[in-house]
1. If I ask for residues that are in a loop (DSSP other than H, G, I, E, B) and either away from ligand 1 (no atom under 11 Å from the Cβ) or open to solvent by less than 10 Å² (accessible area, probe 1.4 Å) (or both), which ones from segment C:408-429 would you list?
2. Being assigned to a loop (DSSP other than H, G, I, E, B) and crowded, with 24+ Cβ neighbours inside 10 Å is the filter here, so list the residues in segment A:76-85 that pass it.
3. Return only the number of the condition from (1) touching a Ser or Thr at 6+ places or on another chain (Cβ under 8 Å); (2) within 16 Å of ligand 4 (Cβ to nearest atom) that residue C:71 does not satisfy.
4. Return the residue satisfying two criteria in turn: it lies in segment D:290-304 and is aliphatic (A, V, I, L, M) and in contact with a Lys or Arg (Cβ under 8 Å, 6 or more places away or on another chain), and of such residues it is most open to solvent (accessible area, probe 1.4 Å).
5. Could you count how many residues in segment C:271-300 are part of a strand (DSSP E or B) and more than 14 Å from every other protein chain (Cβ to nearest Cβ)?
6. Within the set of pairs 6+ apart or on separate chains, which have a first residue in segment B:299-313 that is over 17 Å from residue B:267 (Cα atoms), a second that is open to solvent by less than 40 Å² (accessible area, probe 1.4 Å), and C-beta atoms under 7 Å apart?
7. Which of the following residues is within 16 Å of ligand 2 (Cβ to nearest atom), away from chain B (no Cβ under 12 Å), open to solvent by less than 30 Å² (accessible area, probe 1.4 Å) and touching a strand residue (DSSP E or B) at 6+ places or on another chain (Cβ under 9 Å): C:27, C:100, C:72?
8. Which one is farthest from the chain's Cα centre (by Cα) among residues in segment C:160-204 that are within 16 Å of ligand 4 (Cβ to nearest atom) and open to solvent by 40 Å² or more (accessible area, probe 1.4 Å)?
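The values are calculated or read from the model by the stated rules, or taken from the named source; none is laboratory data. Quantities reported herein were computed from a predicted structural model and do not represent experimental measurements. All Cβ positions, glycine included, derive from the backbone under ideal geometry; neighbour counts span all protein chains shown. Areas reflect the complete protein model, heavy atoms only, side chains present, ligands, DNA and RNA absent. Shrake-Rupley method; radii C 1.70, N 1.55, O 1.52, S 1.80 Å.
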Amino acid sequence: TFGSASAAELVVGFSQIGSESGWRAAETTLTKQQAEQRGIDLKFADAQQKQENQIKAIRSFIAQGVNAILVAPVVATGWDEVLQEAKDAEIPVILLDRTVDASDDLYLTAVTSDLVHEGNVAGKWLADTVAGKPCNVVELQGTTGSSPAIDRKKGFEQALSGHDNLKIIRSQTGDFTRTKGKEVMESFLKAEGGGKNICALYAHNDDMAVGAIQAIKEAGLKPGTDILVVSIDAVPDIFQAMAAGEANATVELTPNMAGPAFDALAAYLKDGKAPGKWIQTESKLYTQADDPMKVYEEKKGLGY
Amino acid sequence: MKQKYLPLTATILIFVLSYALCAAQYPNILSTRVIGNLLTDNAFLGIAAVGMTFVILSGGIDLSVGSVIAFTGVFLAVVLEHTSMHPLAAFALVLTITTLFGALMGVIIHYLEMPAFIVTLAGMFLARGMAFVLSIDSIPIKHPFYATLKGLYYKLPGGGRITLIGGLMLLVFAVGILVAHRTRFGTNVYALGGGTATAKLMGVPVASTTVKIYAFSGLLAGLSGIVFSLYTSAGYSLAAVGVELDAITAVVIGGTLLTGGSGFVAGTLVGLFIQGLIQTYITFDGSLSSWWTKILIGALLFAFILLQKGIIHLSRDARQRA
Amino acid sequence: MQATSDNILSAVRIDKGFPGTKALDKVDFLLQRGEVHALLGENGAGKSTLIKCLTGAYRRDGGSILLDGVEVDPRDTFDAQRLGIGTVYQEVNLLPNLSVAENLFLGRQPRRLGMVDIRAMNRKARELLSEYELELDVTRALGSYSVAIQQIVAIARAVDLSGKVLILDEPTASLDAHEVAMLFCIVRRLKARGLGIIFITHFLEQVYEISDRITVLRNGRLVGTRNTADLNRRDLIAMMIGRELAAEIHAVQANAAEGEPRYRFRNYGRRGRIDPFDLDVRAGEVVGIAGLLGSGRTEMAEVLFGAHRADSGTAEIDGRRVDLSSPRAAIRQKFGFCPEDRKTAGIVGDLSVRENIVLALQARRGWTRPISRAEQNRLADLYIRTLDIRTADREKPIKLLSGGNQQKAILARWLATEPEFLILDEPTRGIDVGAHAEIVRLIESLREKGMSLIVISSELEELIAYSTRIIVLRDRAHVAELEGEHITAHQIVEAIAAANERRAS
Amino acid sequence: MIPILRTYLARLLPQLIALAAILIAISMTFPGFLNLEIQNGRLYGSLIDILNRGAPVVLLAIGMTVVIATKGIDLSVGAVMAICGAVAASFITSGHSLFETLLITIAVGILCGMWNGILVAVLDIQPIIATLVLMVAGRGIAQLVTEGAILTFNDPGLIFIGSGSFAGLPMPVVVWLVFGILVALLVRRSALGMLIEAIGVNRQASTLSGVLTPVLLIAAYMLSGLSAAIAGIIAAADIRGADANNAGLWLELDAILAVVVGGTSLLGGRFSIAASVLGAIIIQAINTGILLSGFPPEFNLIIKAAIIVFILVLQSPRFRAACAFLAIPRRAAKTTEQEAK
Ligand SMILES: Nc1ncnc2c1ncn2[C@@H]1O[C@H](COP(=O)(O)OP(=O)(O)OP(=O)(O)O)[C@@H](O)[C@H]1O
Ligand SMILES: Nc1ncnc2c1ncn2[C@@H]1O[C@H](COP(=O)(O)OP(=O)(O)OP(=O)(O)O)[C@@H](O)[C@H]1O
Ligand SMILES: [Mg+2]
Ligand SMILES: [Mg+2]
């Protein structure tokens, strides 16, 4: 409907949550890159962490008559109505990095990782690594109420159940940030005999782990040795820490969700073939054995 | 025209002008769909902003509204999921709670002579904390009554809709305007804004007015929460973070003085539309990065305030010359 | 004392203490039906405090109040209003942001179907004000009118509220003769209706003109109650200040100053505020500004001081062009300005008397050169003593001082800067007889020391006493200038009237 | 000297009592709380953590106090923190010396404050809204500098500011102590304090008395910008990286809260830097206490709200008046005087 756009050019709206972390920035960068590579005109809308803004953005994408919509939903609930509107307007919607609590005929597909699974992978690694020795774990949760915090906690606890040697002794929110991660870890160390009672740290994201690693060092302990560190996301900085032996493992959450999404969209638009309802991205585990510096170099330029 | 209508007129003028500018660039902005969306998407904010207008007119501030909205949503979701209560009964219950919550803040503000900013800041922590305690998960609301309510809308030609909640917001504004300008309570609100000590000497029942103002704001925050839960069919404890700032912004762009005593409920509606327009424009543009979005929102906010000042200043000068 | 049956309001042994002050000490006060009862005393004697205790604005510490023989205890002013006590508090206590009509009918707006009937309210407001010969746009914000108008509105409101008792705390401070006459006419009418009226003022002529009885307070204690007719002026003053006053305003005609004008304003003015005027002031000269309410006297003072920048004309001092575009610029030229509206433009309420006194001096020195605490104390004590400012100590927040004492503190603020050109806008407003005489004396001594003064006052007697020259304003323009033996009340009134006729023709 | 000290103590008494009460309450639930030991040549312990972690809010509160005293408010400090952290990180990583970096960063902070000040003093925009502009746009500017990522750095000098120690105290504590004392001396030894209070109480009267109101207003906001810049540097140095997305997020509210807990009125006028610093420490003590308590994070906000309400009720003029009724008469006189205010 836009005069300037050529008939062949696809216009896709992308409603991003915001820019609350380096991972999110990388996802945005990659989405834009992928769109550019495919010659897609990407309409980007930043929702500043607010669902209402995402709904508004989707509505105005519909009003503009885009060809498709990508959404990275901030929360699982509350999408039925606006997705229905998109459906009525015959605009396919693809969900990125999180699914929603809505009937699955309202969207084309969801490209996500499994958050519970991520926690599970981290938990399994820890259980395998300590191998039956008693181990007190402290947990740095994400923002209270956010779905990664809830699911990553759940997955981790699932992996730990049945391993009576592993016990979560303290769990607090670090708001997904380095500063809070460091502050909360400091208090964990004070509360647990200067850190002597702590054998491992599980952080819901790498940023908190990086902050916590500094706190551990400042308390005179060796992260990675005295206290095992496992976290999720696989942002570049954690690979540096791994290379230095200060972190032990991370579970990757790939920021490239748009690539598979655009592929599925292209296939669908070409011959109407609907993809499966869930395109799961890999939750790959990285440890110190995976040449962390190499991964760091690879990831450095992706806008994390 | 009267001096006191000047800020209001300036705001309306700015809105119309900028709407025209946006429409010139993106003709779709004129579609009924966009206009309908402007109402629906801002319904909860608008309702909360009406309450905020009263609070600000009285010289106070209410930072708790965003949290109260979240609390209301979670409360409704939990109640509707775990009990067989009818949504209407749940609405009544939650509105009672939020009204009492507001009244309690008013009581503390008046009787303990504490600044509203701080009391309502504590209220903000408390309400969101209560929401967390009820549930940290986001809970979908599947009650059929919700679907019925959402099915109620008036379809405009061109695909736009005036939804129930959009209509409700307009109704709340209408009631707000009546209360502010046509009741003794409304005048008392302005009187408090003019100076509490003087108002007291003039026989304004300061205590009951203060309590009523915050209760009213609590009631509308609750109503806004209901609207928000209808809007998203869910309750989520992290919802509506920072809505209080948006509401304050709408009130102030609408020409109400934060020091109290001067302004209009109707102005808030225009302020709300201006904010909505900024957002619509940004999504229509769609080329801005996250950071440029923030910078542009700030810059446009600044531009609106400046324009408003300019218009008021110019017409004052003109009057003096006349 | 009179038979109690006649008393509409009796206050018995009222006590009220503030930190460091015993504002009222077992004060008795009896008000009869159909009398005008003047409540007199020096600044800070406790008059306003007594009123506030009677109307529930303050909680009294002890004592009882009887209205119509029934014990009452108004918890707040709303209660008092309901009991039929209408009050005009000292300083205009209305809401500047509300319309005139809303101020008049706050809390008792006419309603129709539960909604305020704005049209009826405005109509009633216009009717009410027409009794006071005031033709206003009652829908405009009260704050856009001058202090005088606000004062009249406050009076109109109180009169309308008073079913039994009307209390007027210095209602005439900002009114001129004509308005005062009008007010008295209304007061007499109410009196005839059997209301009891309490009237506080520092104008003794008015006391003798209107009151039936007089009660005098001193330092929070009752001195006594007398029939006005039986008390001569001298004795009254002695009752008030506890000694004989050497002389009230001595109507000695000041000599016209000699020499070249120091200050020369040419075609000076600001559009919409004051028409361009020419003004010359010599050293050692007091130029009085006379005019009716709203004639633009305050505006002229503000333009002279740079509070509003002049948009036409030039200012010269000793033949040298000077910049007076802001208060700071004016202060640099050793100007000083005591504003008329002391509550909003004068006092800095939360700060202490000491800080208020040194404020202008400190501002002129700049923030890097603080005045030492010892010096501040010295200055404060000096002026508290010389101007007889009644305060428990110099650290008391100025807003807790009585109105007259606040005025003196503001005056002290400017004297501390040792100005050469001092503008006083209604300097004696709300000041008691003793202090009044002192201020008049002060103005004269300042003049004798070679200072140039511009004094605005609504009290012609006073103006005549100290002015070497008088400028008459009307409708924001200079209409006459009187000098030497032409300075008489009669001539001033003539000048205003003549301008009126000129305008009419 | 002694009477001055006594009035000073009397002013700070409520804050000191509140702080003591909180510390005692925490040490009852968590016994090792008051322990202090020397480790690697610096003091180590939860009490030190409170002082250290409180640094950003203390710094912000110092600037905020002065702004609030002028009857203003500065919502932009959190965003300015983010901008300054980002600027510092990007300068140090692009090879500038530590000195240059600090200079530029502080200049940027002051500039931000000046912008706010001009909006308030010259354009006469209401402070909340004037500073809201920068609060919204500022974070965008910070993200523009870091491009949304966490910009890490390894400069030992800059890192030292965040996690080094001096005379046994963590650097952030040293920084805020020095800054606080400097500012307090600046405003109290010069006439600034009184002039600012005068502006806050009655701007019109102050202007008419020749006070240079616009300049002082702008200066107040510049001081707030400076505080935010220092806080931003400390926050970035602490985690060795500039987190434009989260640095200082919502910290403006904590800073305002600290000022109010410190007993400075939001209506402007009388202020005390020391009391605001104590207020900030009280707030950090609450936060640290919550972390140490081991409650699930869902309860954090409720606990915080409850304690704050409790402290404010204790401080409220009404409550104190009621208490003074029972206490010695002299104190009673003091409180009623405050009531009259
Ligand atoms: N709220 C208050 N707190 C402390 N002291 C007060 C307060 N109000 C009045 N005072 C003191 O009480 C005394 C009586 O004051 P009041 O205002 O009644 O005097 P007044 O007779 O009305 O004087 P004026 O003629 O100047 O109006 C004064 O010393 C004043 O400083
Ligand atoms: N009777 C009136 N009706 C309408 N407006 C009036 C009236 N009297 C005064 N005003 C307005 O009030 C404003 C204030 O005038 P200003 O204060 O300069 O008067 P003034 O001569 O200083 O009198 P005063 O100081 O005694 O009030 C004027 O601009 C005028 O427009
Ligand atoms: Mg008085
Ligand atoms: Mg005047």
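1. C:416, C:417, C:418, C:419, C:420, C:426, C:427, C:428
2. Residues satisfying the conditions are A:77, A:78, A:79.
3. All conditions pass for residue C:71, except number (2).
4. Of everything passing the filter in segment D:290-304, D:301 is most open to solvent (accessible area, probe 1.4 Å).
5. Here is the first cut: in segment C:271-300, the ones part of a strand (DSSP E or B) are C:274-282, C:286-291.
Narrowing the set further to residues that are more than 14 Å from every other protein chain (Cβ to nearest Cβ) leaves C:276-282, C:286-291.
Result for segment C:271-300: 13.
6. Every condition considered, the pairs that remain are B:299/D:137; B:300/B:278; B:302/D:133.
7. C:100
8. Checking each candidate, the answer is C:178.
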